[in-house]
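Structure first, commentary second.
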Amino acid sequence: MFGQILIHLLFGGSLACLTSYFLGLRGRTEFIPIARNLYRGIAAGMLITFCLLMSIVISHSFEYTYVWSYSSRELPPWYLVASGYAGQEGSFMLWTLWVCLIGVVLLPYLKRRGWEAQVMVFYSLILVFLFLLLVVKNPFSYVWETFAKDGIPDGFAPPNGRGLNPLLHNIWITIHPPILFTGFAAMSVPFAFAMGAMLKREYQSWIEIALPWTLYGTAILGFGIMLGGFWAYETLGWGGFWGWDPVENSSLIPWLVAVGLVHTMLVQRKTGGLVKTNIILAVTAFILVLYSTFLTRSGVLGDTSVHSFVDPGKFAFILLIAFMITFAILGYGFVIYRRKDIGSKEESFSPKSREFTLSIGSAFVLASAIIVFIGTSWPLIAEIVGLPKIAIDPSFYNKMHLPLAIMIMIVNGFSLLIRWKATNFGGVMKKSLYPLSLTVVATAVSFWIGVHDLAYLLLAFGAWFSLFINAELALKIIKNKFSSSGAYISHVGVAMLMIGIVFTARYSIIDHIQLVQGVPTKALGYEFTFNGREQIEKEYKDREKFKFHIDVAKDGSINHVAPILYWHDFNKRQSPYKEPGIAWAVAKDVYISPNSIQTIGGEPEITMTKEQTIFLPTDSSIKMTFVTFDMSNMRNGGGKDGTIRPGAVITTERNGSKHTDTLYATISMATMEGKPDPLILPGTTQKISFLKINANKESLQQSEAVFSFMDTSKPLEPLKEVIGVEISIKPFINFVWFGVIAMVSGFFVAIIKYRKKAKREKKMIPVTPSPVSVEA
């Protein structure tokens with residue numbers, strides 16, 4: 001109850017903060033300090049509320065619906081903490097918390113520059129909607145409130161929770177979502193700055209003060225996406241780092257727009273052009289964050305994405321749409337309203353200028369965002385127009401992005417050789433001779449080692465060209481001023497990423513093999529030996545988890561990998577979850593994803609339903625029919641030792657002669673397995689045993705019997721396990737990882753540059769914000 005009250009109070013506080021900033025803008029400047037203090041109080045209250053949520057999760061307070069839905073007593077401490085934000089309500093809490101905390105840092109930054117009221121009025125409006133979402137999707141609701149129609153009594157507390165989805169049982173769940181939601185929250189800042197710029201009618205100065213925050217948001221969001229890709233590759237067994245899943249894409253779209261925004265902001269800062277473009281892109285990036293939230297949490301992609309949340313309820317669904325539409329109308333409507341007022345310098349840039357190439361490069365990045373937007377939204381569009389609701393095939397994205405990627409790489413390389421305003425192309429060609437020479441050599445090597453597809457060879461050429469130019473410039477600048485090298489480091493990362501994609505996405509090779517325990521098997525130039533399995537995490541009773549030990553040998557070198565298959569109560573153990581085993585190497589990875597496990601040798605086993613007929617696997621001349629269960633020995637209940645002694649009535653037919661027999665087994669009531677009493681069919685060497693019952697709790701008639709068979713005249717084959725695996729070779733995958741690390745690191749290096757500048761500005765006398773009429 002206390003948590004629910006806190007959220008309602010915070011919602012009211014956000015409304016009061018918004019109102020106070022609005023009154024401050026109308027000339028009531030005495031309300032601005034009130035709004036500032038209200039905001040700080042809201043941030044502190046949100047931090048307390050989030051800590052309260054974590055406390056009820058950690059203390060196993062299953063009377064709360066959210067805690068019951070996403071946690072359990074079996075969860076290790078780190079997964080228990082992660083369950084606090086793994087569900088819809090918790091993720092909204094985390095997003096709101098980051099918006100609050102970022103605003104605390106933003107406040108003094110704005111106050112010193114005279115932008116507080118103009119920016120914070122829009123930032124506070126974002127918080128109003130977020131808190132309204134929390135009022136509707138409240139993580140402090142009780143189970144008897146949520147399931148009131150089911151007659152749950154007040155005060156009821158389930159003994160345990162449903163637990164966390166096993167796919168999320170990985171250390172990355174503790175890192176990836178907090179980083180990603182920090183990026184989502186940070187993208188609120190450029191939006192608020194752009195809106196404040198239109199309110200303040202200062203269309204040039206906002207670029208300088210908003211650029212560091214745009215870099216920060218882009219860096220953090222990119223870092224979160226990067227971690228998600230590594231998580232998918234390392235632990236989920238999907239065979240790659242990006243699957244073009246609609247929900248994966250939903251966070252990529254605003255990031256691509258933000259990347260384009262960073263570059264167009266640099267153009268405006270240098271030339272004064274692209275004024276409307278930057279305001280529109282800042283608004284669009286934030287709207288796309290809201291759209292991403294809608295796609296992920298509304299349930300509209302539930303049939304087409306493995307990541308989508310379930311339907312949040314009709315009112316929450318409407319609220320998500322209203323959230324998105326309100327800010328779209330507010331943002332784009334304000335741009336239209338100010339369209340004549342937003343002055344801009346001549347935007348017909350010379351083709352020989354850096355601003356031209358930066359603008360072209362940004363246009364290509366934005367084209368990528370449009371492609372991903374259309375593909376991601378297609379299931380929703382298809383449903384609206386009455387077409388089958390299916391996800392776009394990943395090949396669509398690959399084909400559409402290939403020419404864009406080639407152009408982006410080539411334009412990026414040449415843009416750094418061109419000066420602002422105008423450049424002599426003769427000088428550009430002279431500067432490019434050395435990197436071009438290296439590029440030709442590197443492309444030839446790429447062809448020699450297997451890149452023969454013309455389109456991918458062109459992409460390799462463009463990526464090598466961009467890499468060599470950016471690396472050369474970065475090394476020169478790092479020697480003198482490290483903090484100015486951020487852009488070049490990021491571009492090196494993008495080039496490395498493209499090279500990694502050329503080799504990994506296009507030239508990975510795959511094979512499916514069966515590994516028999518103890519038997520070396522050759523595939524893709526390697527020798528694989530399955531040495532057996534090991535049960536892990538035995539202390540948890542809600543799962544059966546096995547690690548499969550496999551040796552990967554080549555040229556005398558042996559690597560050990562251990563893919564995992566496990567069965568979990570979360571899906572009633574109907575199908576296994578899997579984690580890959582990876583033999584890491586500098587030039588390539590050997591990626592082993594387990595698919596199935598079976599047993600060969602020993603006595604073959606067959607599961608049968610009533611009236612089912614089979615031929616004996618050890619003698620195909622004999623037919624056997626499972627007739628029914630014989631429960632006559634169970635009329636007085638089970639034995640004192642917790643066992644029962646059921647029978648299975650069978651008929652066998654051989655050479656036209658039929659026999660009816662009853663096989664018995666002493667079976668544990670706990671496991672439904674036990675010790676059989678074998679039967680040797682008269683006149684044969686065939687032994688049949690009744691092993692266990694696969695009980696159907698709803699109907700005994702639907703229960704199954706498990707039998708084993710043996711030909712006593714032949715030696716018994718030793719019992720061996722066979723694991724079915726998908727083997728893939730990922731050439732130069734490390735280019736992908738080092739590339740994304742360098743790309744994101746470059747943003748942070750650029751932030752350091754602006755951080756130093758901000759520290760110098762602290763020595764300046766604070767500027768008192770001047771009130772601006774909303775009606776101006």
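Derivation of every value follows stated rules applied to the coordinates shown; laboratory data play no part. Everything quoted here is computed from the prediction, not taken from an experiment. Cβ: placed from backbone, ideal geometry, glycine included. Neighbour counts: every protein chain shown.
A few notes on this one:
- Taking label points 7 Å from Cα along the Cα-to-Cβ direction, Leu454 and Arg419 give a separation of 3.9 nm.
- Long-range amide H partners of Arg73 with built H, under 5 Å: Gly161
- Between the residues Leu380, Thr684, Ser61, the greatest Cα displacement towards the positive end of the dipole of the chain, with unit charges on the Cβ of Lys, Arg, Asp and Glu, is found for Leu380.
- Residue order, fewest to most surrounding Cβ atoms within 10 angstrom, among Thr599, Thr271: Thr599, Thr271
- Amide N proximity, region 616-631 versus Ser713 label position 7 Å along Cα-to-Cβ, cut-off under 20 Å: 616-624
- Vicinal HN-Hα couplings computed from phi for region 608-613 (Karplus, 6.51 cos²θ - 1.76 cosθ + 1.60; Hz; Gly/Pro x): 10, 9, 4, 6, 7, 10
- Dimensions of region 1-164 based on its C-alpha atoms, expressed as ranges along the principal axes with the largest first, amount to 56, 33, 18 Å.
- Region 166-423 - Rg and Dmax from Cα coordinates, angstrom: 19.1, 58
- Across all C-alpha atoms in region 387-482, the radius of gyration and Dmax reach 17.1, 59 Å.
- Separation of alpha-carbon centers, region 460-499 and region 65-82, rounded to whole Å: 44
- Average silhouette area of the chain, convex hull of alpha-carbon atoms, in square nanometres: 42.4
- Remark on Lys421: its backbone amide H falls under 5 Å from those of Arg354, Glu355, a criterion applied only to residues 5 or more positions apart or on other chains, H modelled at 1.01 Å from N.
- Cross-link table Lys545/Lys588; Lys578/Lys720; Lys547/Lys730; Lys476/Lys753; Lys481/Lys757, entries beyond 24 Å C-alpha to C-alpha: Lys545/Lys588
- Backbone N within region 91-109 under 11 Å of label point (7 Å from Arg40 Cα along the Cβ vector): 108
- Of the trypsin sites (Lys or Arg not before Pro) found in region 558-639, the ones in coil according to DSSP and having at most 11 other Cβ atoms within 10 Å of their Cβ are Lys572, Arg635.
- Here the dipole of the chain is about 3840 debye; that uses its Cα centre as origin and unit charges on the Cβ of Lys and Arg (positive) and Asp and Glu (negative).
- Charge sum, other residues only, whose C-beta stays under 10 Å from Gln517's C-beta, Lys/Arg counted +1 and Asp/Glu -1: +1
- With 0.36 nm allotted per residue and the present C-alpha distance subtracted, the Ile374-Met631 stretch has 86.4 nm of extension available.
- Once backbone amide H atoms are built at 1.01 Å from N, Ile622 has Leu616 as its partners under 5 Å, excluding neighbours fewer than 5 places away on the same chain.
- Relative to its Kirkwood radius, the Cα radius of gyration of region 605-716 gives an Rg/Rh of 0.98.
- Under the Karplus curve 6.51 cos²θ - 1.76 cosθ + 1.60, θ = phi - 60°, whole-Hz ³J(HN,Hα) for region 649-654, x wherever Gly or Pro sits: 7, 10, 10, 10, 10, 9
- Dipole magnitude of region 1-164, debye to nearest 20 (Cβ charges: Lys/Arg +1, Asp/Glu -1, about Cα centre): 740
- Sequence of Met46, Met120, Met710 once ranked by neighbouring C-beta atoms within 10 Å, starting from the fewest: Met710, Met46, Met120
- Each listed q (0.14, 0.16, 0.21 Å⁻¹) maps to a log10 I(q)/I(0) for region 524-650 from the Debye sum over equal C-alpha point scatterers, namely -0.92, -1.01, -1.16.
- Around Ala585: net Lys/Arg minus Asp/Glu count, Cβ-Cβ under 14 Å: +1
- Estimated 222 nm signal from helices in the chain, with DSSP H stretches of n ≥ 4 weighted -39500 (n - 2.57), rounded to 500: -18000 deg cm²/dmol
- Modelled FRET efficiency - R0 25 Å, Glu145 with Cys51, Cβ distances, 0.05 increments: 0.65
- Kyte-Doolittle at least 1.0, axis length at least 27 Å by Cα - qualifying DSSP helices, the chain: 2-25, 31-58, 116-136, 275-297, 314-337, 354-384, 454-480, 486-507
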